[in-house]
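Asks: I have a structure I would like to understand better, so I am pasting it below and will then ask my questions one at a time.
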Number of protein chains: 2
Amino acid sequence: MYKKEITIYDIAAALNVSAATVSRALKDHPAISKKTRGKIREKALEMGYQTNALASSLRTSKSYTLGVIVPRLNSNFMSTVLAGMEKAASDAGYHLIIMQSFESEIKEKENAQLLFSHRVDGLMVSTTSTSPEPAHFKPFFAKNIPVVFFDRIPQKYNQYNCVTIDNREAAWQATRHLLDTGKTRVLHITGNTGIQVYKQRLEGYKAALSEANKPFDHQMVWETGLSVEDGEISAKRIMTMKPLPDAIFVANDTCAITIMHHLQKNGIKIPEQIEITGFNNDPFSEFSKPSLTTINYPGEEMGIKTVNLIIDKLNTKHIEPKGKQIVLKFGLLIRESTNQAAK
Amino acid sequence: MYKKEITIYDIAAALNVSAATVSRALKDHPAISKKTRGKIREKALEMGYQTNALASSLRTSKSYTLGVIVPRLNSNFMSTVLAGMEKAASDAGYHLIIMQSFESEIKEKENAQLLFSHRVDGLMVSTTSTSPEPAHFKPFFAKNIPVVFFDRIPQKYNQYNCVTIDNREAAWQATRHLLDTGKTRVLHITGNTGIQVYKQRLEGYKAALSEANKPFDHQMVWETGLSVEDGEISAKRIMTMKPLPDAIFVANDTCAITIMHHLQKNGIKIPEQIEITGFNNDPFSEFSKPSLTTINYPGEEMGIKTVNLIIDKLNTKHIEPKGKQIVLKFGLLIRESTNQAAK
DNA sequence: TTAAATAATGCAATCGATTGCGTTAACAAT
DNA sequence: ATTGTTAACGCAATCGATTGCATTATTTAA
C-alpha cells in the first residue's frame, strides 16, 4: 500500500557504493570524487530521494527547528511578529513550530514540554506567566538551549534574553500627551497587570500623572481582556460615569477603536469631549474616524530581532550567564483622536 | 559543558530493568505491572526525563506534525485561519510547522520539500501556484500523505481535498447587491486572477453583470496586489476617471478601506456618489466610517475544518482516489458603504 | 505437587543518517 | 621496484525509542 521509504541505502545499493559515501556525496563532503558525487546526485533525483530530517536530527542532535509560544496568534501585532520570525528563520535555514497558550500557564508549560521533546534548537516565548520566574523553561536552561522572550517578558527580565519595547516610557508619553492638552480625568483601560507589559504601561501612566501633579485614582484604572467585547462593556460603563472622563488611554487599538465607536454612537464627540489614545498601531487605526492616536509598535522588527538573537546564541558558544536585553524603538503617533497640533 | 541527554536507558540502568520495560511503562502498556510502572514513572520525573520525539518518530514513522504553507501569515484572515488550525491540531495531539511562500511558487516548492523531509503526517496549503496542477506535492501523493488545500486551491480542485467558500457565488451576491441599487458603472478591483479565488470572484462579478444585462468592460477590472499601497494607487487612478464609477467591488477589506478613505479625502461621498463593497469582514470593517459592506469569510472555521479533514484522512485508511471538497458558508454583510436598506 | 496458563519482563533488531577510523587504490618520489 | 602520500571510499557504531518474539516469574488449575 504505502510506498517504501527511499533511503541512502537504496541509492547505495543501486550504485554499488556504501551508504556512507552516499551520505557524504549528498552533502558535498570533499572526500568524495566529483564523478561519484555526480552519479549519486543523479540517482537520488531519479529515485525521488528525500532526506529524512528526523534521522539526521537524531544523529546530529540539531533539528534546525525553533519553537514559538504565544498567547494567541491572530492579533495584528502577533501575526506581524510571527511573519517576521518566519522570514528570518527561513532565511537562516530554520523553521518554526508555533503554539498558542491561550493565556493559560498550564498550556504554556505543556507547549514548552512538547517543544522540548521535539528537540527544538531554541525557544521563543511571549509568556503568559505572571510568576516572577517561569519555572517551566528549566529543562531548556539545563541543556543550554537558548530561550528568548519577546513582547511579554518575565518579571525578572534582566536574567533572561528579551526583546521588547520600553512599555513604561511609551505609556508615559501617551499619558503625558493627553495631560498636555489640559485633560484631568484620564481613564486607563488595560489588560492583566500581572503581565509585565501591562504592569509597565500602568507604571508609565502613573508616572505621567504624578509628574503633572495629578492624583492617582485606582478607580480610573480598569483591567479588562482588551477584546472587542471588553470594549463594548467598557463603553457602556463609561457612559454611566459622572463626570465623564475627558481622556482615555487604552492599552490596545482593538479595544480603543471599539470604545471610540460606541461612545460616538452615544453622541459623544471625539476628541472634543473625550480624547482617546490606543496602543499598537494596527493598520486600520489610521482609517478610523477620527483616526486614532496610538503607539507604533515594531512587530516585524521584533520578530526578526528575536530570531537573530537566538541564532546568534546558537552559533556562538555562549557562556554568558546573564541574559541580553534588546529594547526596540517605538513611536507616539499623534492623530485626530487627540486634538493637539503636533507638539 | 552540555548536560547529557537523559534517555530511557538511564532510567533502565537506575532501576535495573530493561529499556523495553521503561518504554512500555511510560506509555501505559498493559503488560507492565502497576508496581514497576509506578517506580519508572517516579524515576523518570526525578531524573527529569523528557521523551525524544525525534527518535520515536523515526521508529514509528509518525510525527504528529502537520505542515502548513501560506502565502503570508500576517493578514487578519490568514492569522485567524491559523489560529483555528493550531487550536484544532493541538486538541488532537498534533502541532504545526508554519511556512510562508510569499507568493512565490519556488518558495512554496522548497517549503513543501522541507516539510516532507521532516516527515509531517499531513500538509495543508493555501497555494500560490497558478499552474493547473501543482506538481510539487507529488512526493506526498506518492507516499499517501494527506494534502488538503484551503482558501487558495488549485485550478483542478475537484481532484484534491479542499476547504473553501464559494467565491463565485459570494462575488455574485456582492456585485448583484450593487446593481440592485441601480448602479451601472461597477468597478472591480481584485488580485491576480491566475489565482483561483480571484478568478472565481471575477466570474461571479461577470455573471452578475450579465444577468442584469449590463455589458462587461474589461477596463473595469483592475488586477492589483490588494495591499494598502495598491489601494492608494487605485484611489488616485479612480479620481482620474470620467465618469466616475458609481460602485466598486474590491476583493479584500484592507484595500477597500484604503480606497474609501482616500476617496473621501478627495471629497467623494460614500455611499452617495460611490458605493463600496469589500471582502473578508476584517474586524475594523465594522468600525470604519461608513462601515463597510463586505463578505463574511469564516476564517477560524476554515482552519478547524481543514485540520479535521486531514486528521480524518489520517485515521481512516482511505482508499478514495478523489478528493473531498468542503464548502463553507459565507455571508454578505450589508452595511453603510452601500446605501441600501436590508433587502 | 506438577503441569498449564498467564503475567511480566528482556533480547535484539529496527528506523535512516552520520562520522571516526581503518582500508584500498592510485599516484608520486626515490 | 619499493616506500611514502594522497585521494576515495567502506565498516560499523551511534543517536533514542519501539516492538515482535522469546524467556522467566507468578498463578491457577488439576
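Asks: Going by the conditions given, is B:Thr51 of a type in the set (Val, Ile, Thr), more than 7 Å from DNA strand C (Cβ to nearest atom), loosely packed, with under 12 Cβ neighbours inside 10 Å and closer than 28 Å to A:Ile145 by Cα?
Replies: Values: of a type in the set (Val, Ile, Thr): yes; more than 7 Å from DNA strand C (Cβ to nearest atom): yes; loosely packed, with under 12 Cβ neighbours inside 10 Å: no; closer than 28 Å to A:Ile145 by Cα: yes.
No.
Asks: Would you confirm, using the coordinates I've provided, whether A:Arg72 is in a loop (DSSP other than H, G, I, E, B) and either at pLDDT 95 or above or facing another protein chain (nearest Cβ under 7 Å) (or both)?
Replies: yes
Asks: So, of the residues in the stretch B:269-323 that are among the polar types (S, T, N, Q) and part of a loop (DSSP other than H, G, I, E, B), which turns out to be farthest from A:Glu286 (Cα to Cα)?
Replies: It comes out as B:Thr316.
Asks: Oh, and also: For the stretch B:45-62, how many residues meet the condition of being at the interface with chain A (Cβ under 7 Å from one of its Cβ atoms) and more than 7 Å from DNA strand D (Cβ to nearest atom)? Reasoning before the result, please.
Replies: Quick first cut of the stretch B:45-62, residues at the interface with chain A (Cβ under 7 Å from one of its Cβ atoms) only: B:48, B:50-55, B:57-58.
Filter again for more than 7 Å from DNA strand D (Cβ to nearest atom), leaving B:48, B:50, B:53-54, B:57.
Qualifying residue count, the stretch B:45-62: 5.
Asks: Within the stretch A:84-91, can one find any residue that is modelled with pLDDT under 95, assigned to a helix (DSSP H, G or I) and either more than 10 Å from every other protein chain (Cβ to nearest Cβ) or over 17 Å from the mean Cα position of the chain (by Cα) (or both)?
Replies: No.
Asks: Follow-up question, since we're still on this one. Please tell me if A:Ala31 is touching a helix residue (DSSP H, G or I) at 6+ places or on another chain (Cβ under 7 Å) and without any contact (Cβ under 8 Å) to a residue 40 or more places away in the chain.
Replies: Yes, satisfied.
Asks: Output the residues belonging to the stretch B:24-44 that are outside any loop (DSSP other than H, G, I, E, B) and within 11 Å of DNA strand D (Cβ to nearest atom).
Replies: Result: B:Arg24, B:Ala25, B:Leu26, B:Lys35, B:Ala44.
Asks: Just to be sure I understand, how many residues within the stretch B:13-43 are closer than 25 Å to A:Ile145 by Cβ, crowded, with 17+ Cβ neighbours inside 10 Å and within 12 Å of DNA strand C (Cβ to nearest atom)?
Replies: Residues flagged as closer than 25 Å to A:Ile145 by Cβ, crowded, with 17+ Cβ neighbours inside 10 Å and within 12 Å of DNA strand C (Cβ to nearest atom) within the stretch B:13-43 amount to 2.
Results for (1) in contact with a Gly (Cβ under 9 Å, 6 or more places away or on another chain); (2) within 13 Å of chain B (Cβ to nearest Cβ); (3) at pLDDT below 95, shown as yes or no for each residue.
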residue: A:Lys206; (1), (2), (3): no, no, no
residue: A:Met220; (1), (2), (3): no, no, no
residue: A:Ala247; (1), (2), (3): no, no, no
residue: A:Ala251; (1), (2), (3): yes, no, no
residue: A:Cys255; (1), (2), (3): yes, yes, no
residue: A:Ile274; (1), (2), (3): no, no, no
residue: A:Asp282; (1), (2), (3): no, yes, yes
residue: A:Phe287; (1), (2), (3): no, yes, yes
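Asks: Within the stretch B:30-39, identify whether any single residue is under 43 Å from the mean Cα position of the chain (by Cα) and away from chain A (no Cβ under 14 Å), and answer yes or no.
Replies: Among the residues of the stretch B:30-39, at least one is under 43 Å from the mean Cα position of the chain (by Cα) and away from chain A (no Cβ under 14 Å), which makes the answer yes.
Asks: Still on this structure, please answer the following. So, of the residues in the stretch A:1-12 that are hydroxyl-bearing (Ser, Thr, Tyr) and surrounded by 12 or more Cβ atoms within 10 Å (Cβ to Cβ), which turns out to be farthest from DNA strand D (Cβ to nearest atom)?
Replies: Filtering the stretch A:1-12 for residues hydroxyl-bearing (Ser, Thr, Tyr) gives A:2, A:7, A:9.
Pick out the ones that are also surrounded by 12 or more Cβ atoms within 10 Å (Cβ to Cβ) and you get A:7, A:9.
Numbers: A:Thr7: 12, A:Tyr9: 10 Å.
Only one residue tops the list, namely A:Thr7.
Asks: Of all the residues that make up the stretch B:92-132, how many are part of a helix (DSSP H, G or I) and touching a Lys or Arg at 6+ places or on another chain (Cβ under 6 Å)?
Replies: Result for the stretch B:92-132: 0.
Asks: Could I ask something else about it? Against the condition assigned by TED's automatic domain parsing to the domain that holds B:Met124 and under 24 Å from B:Gly191 (Cβ atoms), how does B:Lys305 come out, does it pass?
Replies: Yes; evaluated as a whole, the condition is true for this residue.
The values are calculated or read from the model by the stated rules, or taken from the named source; none is laboratory data. Predicted model, so just to flag it, every value in this text is computed and none were measured. Note that each Cβ is placed from the backbone with ideal geometry, even for glycine, and that neighbours are counted across all protein chains shown.
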